[in-house]
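Reviewing the structure listed below.
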Amino acid sequence: MDISILGSGYVGLVTGTCLAQLGNCVICADSDNKKIAALKKGIIPIYEPGLEELISNNLEGKRLIFTSNIKDAVRNSEVIFIAVGTPSLDNGEADLTGIENVARNIAINMAGYRLIVEKSTVPVETGEWVKQTISMYIKKKIKFDVASNPEFLREGSAISDFMHPDRIVLGVESKKARDILVNLYKPLNAPLVITNIKSAELIKHASNAFLATKISFINAISRICDKVGADVQEVAEGMGLDKRIGRPFLNAGLGYGGSCFPKDLDAFISISSKLGYDFELLKSVKDINEEQKTLLLQKIKDTLWVIKDKAIGVLGLSFKPNTDDIRNAPGFDIIKALQTEGAKIRVYDPKAMKKAKDFLKGIAFCKDAYTAAKGCDCLLVVTEWDEFKELDFVKIKKLLKRPLIIDGRNIYAKEAMQKMGFTYLSIGRAPVNG
Ligand code: UDX
């Protein structure tokens, strides 16, 4: 099929490239000329495992085109995905300016039937607004359909999440729209949820909100574990074996960050209150998540006593492993709070340092974990990169001023840390002294 993707960010780029990989002709459009110029040369602005190679394959195969000309995109494709950003406004509402602009531009440039598909995460009833906007600007008698097809891509595993989805959600309101999308996704051979637009929009917000709820739930349990000396990882193990609960997303730690959960929760709370429902539960999920950072800071203070002039090594900057994305990364708040107290910070992250340099001043960006640990009073883990799990701890111990590790993501075994002579603190697990 001839497809265009309007908005070439994380979602648009992965969606467009994967649809091209499935054999479609895809035009990825974006208003950012610099980004498009780089993409035409196969240079991508994000780190997403496997994406660069997939883009160059499909550029070579002439199935993928990048343009900043939305008119060409609309004229040359029957299916148009809206994949522009929907960032949070100050009051937490989703900013739908991009969605409206793109809907209007599609309408103005349409010369025949088009299926317009919401790929961006949008509050429920946005589809109604998109329909109204297109109807207002479209030339007479041209037919169109709107559909909702939310994505469930995780950064760091986005391509495999696209190619092997748990389900594909299609919010459609005509047989034509349904047939087009069923046909488009046939090669993935995945379970289909075919529903109306509003339900599809809600499936996305409700899914992210539930995942964030699961994380805050286990983080709340970690507080009780801390008080009684229970082990939150073993509690999560015991809970997760119940098929109705499931082990994933029960990892206690510094809490969730990223560009989705915080934004989607705010948008969901805001649209719910507009609709007359006060989503108290999600407000608590947010509060618990915020408090995880305060609690870790307290643990650091309780252990180091005076923070001023202490040297602290920080491992990790990205909001989670296998990405260079630092948006709402919990580690940033921790670093800034420690700096305010006068700590000297040394930091290492495998991928996110380049992006972080614009936001963190007065800290030492180090070339590896050992350099970050050198001469520090304590080593702090804030992102659970695999490479931090395989460090040479004999070497780490020699480099540290004192053998103290505070682990915000519970990536080390307590017994192993104790045996190697470390004082080891983590989240929801009893501290050990080496
Ligand atoms: C999420 C959703 O998973 C995805 O379906 C949606 O499309 C976009 O948002 P993403 O934000 O990329 O994906 O990352 P995810 O792997 O879901 O982790 C989100 C955050 O939760 C990260 O900060 C991670 O560190 C944290 N997390 C995750 C926990 O704190 N504990 C867990 O057990 C799992």
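The values are calculated or read from the model by the stated rules, or taken from the named source; none is laboratory data. This is a predicted model, so every value here is computed, not measured. Virtual Cβ from ideal backbone geometry, glycine too; neighbours counted across all protein chains shown. Ligands, DNA and RNA are stripped out before the accessible areas are found, and what is left, the full protein with its side chains, is counted by its heavy atoms. Shrake-Rupley method; radii C 1.70, N 1.55, O 1.52, S 1.80 Å.
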Quiz item: Over the range 299-375, what is the relative contact order in whole percent, taking alpha-carbon pairs under 8 Å and six or more residues apart?
Solution: 34 percent
Quiz item: What is the packing order of peptides 29-35, 8-14, taking the mean over residues of other C-beta atoms within 10 Å and listing the highest first?
Solution: 8-14, 29-35
Quiz item: FRET efficiency for Trp305 and Met420, Cβ-Cβ distance as r, R0 = 25 Å, nearest 0.05?
Solution: 0.60
Quiz prompt | Surface per residue (accessible, 1.4 Å probe) for the range 183-282, Å² | solution = 49 Å²
Quiz item: Of all the accessible heavy-atom surface of the chain, with the other protein chains kept in place and a 1.4 Å probe, what percent is carbon and sulfur?
Solution: 54 percent
Quiz item: With point charges of +1 on the Cβ of Lys and Arg and -1 on the Cβ of Asp and Glu, referenced to the Cα centre of the chain, which listed residue (Leu296, Ile218, Ala252) lies farthest in the positive direction of the dipole?
Solution: Leu296
Quiz item: For the range 189-255, which trypsin sites (Lys or Arg not before Pro) are both in a DSSP coil and crowded by at most 11 other Cβ atoms within 10 Å?
Solution: Lys243, Arg244
Self-check item: Per residue value of the accessible surface for the range 1-71 (all protein chains in place, 1.4 Å probe), Å²
Solution: 43 Å²
Exercise. Quickly work out the Lys283-to-Asn183 label distance, labels modelled 7 Å from Cα along the C-beta direction, and quote it in nm with one decimal.
Key: 4.9 nm
Quiz item: Given a cut-off of under 8 Å on Cα pairs at least six residues apart, what relative contact order in percent is computed for the chain?
Solution: 12 percent
Quiz prompt | Karplus-derived HN-Hα couplings along the range 346-358 (A = 6.51, B = -1.76, C = 1.60, θ = phi - 60°), whole Hz, x at Gly and Pro | solution = 10, 9, 9, 9, x, 10, 9, 5, 4, 5, 6, 4, 6
Quiz item: Full extension from Lys395 to Thr97: what is 0.36 nm times the residue separation minus their Cα-Cα distance, to one decimal in nm?
Solution: 102.0 nm
Quiz item: Could you state the number of Å between the C-alpha centres of the range 395-420 and the range 148-168?
Solution: 36 Å
Self-check item: the chain: angle of helix 126-137 to the longest principal axis, Cα-based, in degrees nearest 10
Solution: 40 degrees
Exercise. Quick one: angle between helix 330-340 and the longest Cα principal axis of the chain, in degrees between 0 and 90, rounded to 10, please.
Key: 50 degrees
Exercise. Please give, to one decimal in nm, the separation of the simple spin-label points placed at Ala37 and Ser135, each 7 Å out from Cα toward the Cβ.
Key: 4.2 nm
Quiz item: Any idea what angle helix 175-185 forms with the longest principal axis of the chain, computed on alpha-carbon atoms, 0 to 90 degrees, nearest 10?
Solution: 50 degrees
